[in-house]
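The values are calculated or read from the model by the stated rules, or taken from the named source; none is laboratory data. Here the structure is a predicted model, which is why all the values come from computation and not from measurement. Every residue, glycine as well, gets a Cβ built from its backbone with ideal geometry; the counts of neighbours run over all protein chains shown. All accessible areas refer to the heavy atoms of the entire protein, side chains included, with ligands and DNA or RNA removed. Shrake-Rupley method; radii C 1.70, N 1.55, O 1.52, S 1.80 Å.
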Amino acid sequence: MTSEDKNSNSGNRSPHHNLKNIPAEWSERVTPLERTLVPKFAARAYHLPGNSLCADWLQYMLNNHPVIGICCHHRLHPLKTRQRCIIFLGSFAFGVAITNVCYLWFISTGRDAEQEVFSIDLNAQDSAHYSVTAGLVMLVTVGSGLHTIFDRFIWSVSACKCCRAGGTFETNSINSPRRGRWQDVGTYLVVLLVVLVCAAASFIVIVRVKMDDEGQTEIPYIQDNNTTLTDIVDSVKDFKLEDFSFMKAYCIEFGVSLFVYYPFFDTVLFSGVLGCYRLPMLGGRPYEVRKEEKKNNAKSGARRVSAVEMA
């Protein structure tokens, strides 16, 4: 090869060809911007480099909201529209399952879900009495807690940053014979999990309708050994649309939680007030901004030291 050919080949190289351990053909497709943003998107970062407070809040909501994010997420976000739809379906199904499991638990154990735990009296001209029942406490604590854990889990698995741009195992994934496949493993696992959750939720709903229709106090097939799975499935043909009226109430609750409670509570987390602006996870945007400033100061200090040594 002549010196002219070498010069021409070097001129055709990607401007990112010197990135350590990254093949040239991958560097042409993955930019340093992606290596910076993709891990932050996958980690649901409150702050992106160079963003103002308003810009960070807007990007956080658009990228992480279960519904709005389906259409408004950033183009570099690891979770695309199809993945977000699957996650949303899984979240809805898990909410249906855990809500009805709580309901069946009260019935099967003989406890009263309407029993008053405590009440709130407002001293006003028209005295108002608000009663908090045992069923509501169960849903708000156990139900909501498990639902939140499930949502964060499938999000983390599907958006796993390990084998994506900027991740720890990026070079291993792109050098493998099946380049790019490893970064989709989390998505396949989430699809399998969502299918199982949807099947379980459907079964639980059928069991609830059957118990309500027949006035049973024992869960079929679990507590009532005389009932088989075939009997439960066959009972579906006798159900009416009115038997699923409780699903209307759940859909309303789910919608309110998405468009009222979710923006409110995530804004509180975003503000960092729960972590006094300094604790990880609860420190919100102020914690991440402070962390970025320390990192930038460390880099600038290292540059000064190297410049002095070279001088």
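Odds and ends about this structure:
- Reported count of residues in the stretch 220-260, each being assigned to a helix (DSSP H, G or I) and either surrounded by 10 or more Cβ atoms within 10 Å (Cβ to Cβ) or under 34 Å from the mean Cα position of the chain (by Cα) (or both), is 28.
- Number of the condition not met by Tyr60 [criteria: (1) more than 16 Å from the chain's Cα centre (by Cα); (2) assigned to a helix (DSSP H, G or I); (3) within 30 Å of Glu288 (Cα to Cα)]: (1)
- Selected residue (only one of Ile120, Ile70 is open to solvent by 20 Å² or more (accessible area, probe 1.4 Å) and part of a helix (DSSP H, G or I)): Ile70
- Any hit, the stretch 83-94, residues being buried (at least 20 other Cβ atoms within 10 Å of the Cβ) and free of Cβ contacts under 8 Å to residues at least 40 places away in the same chain: yes
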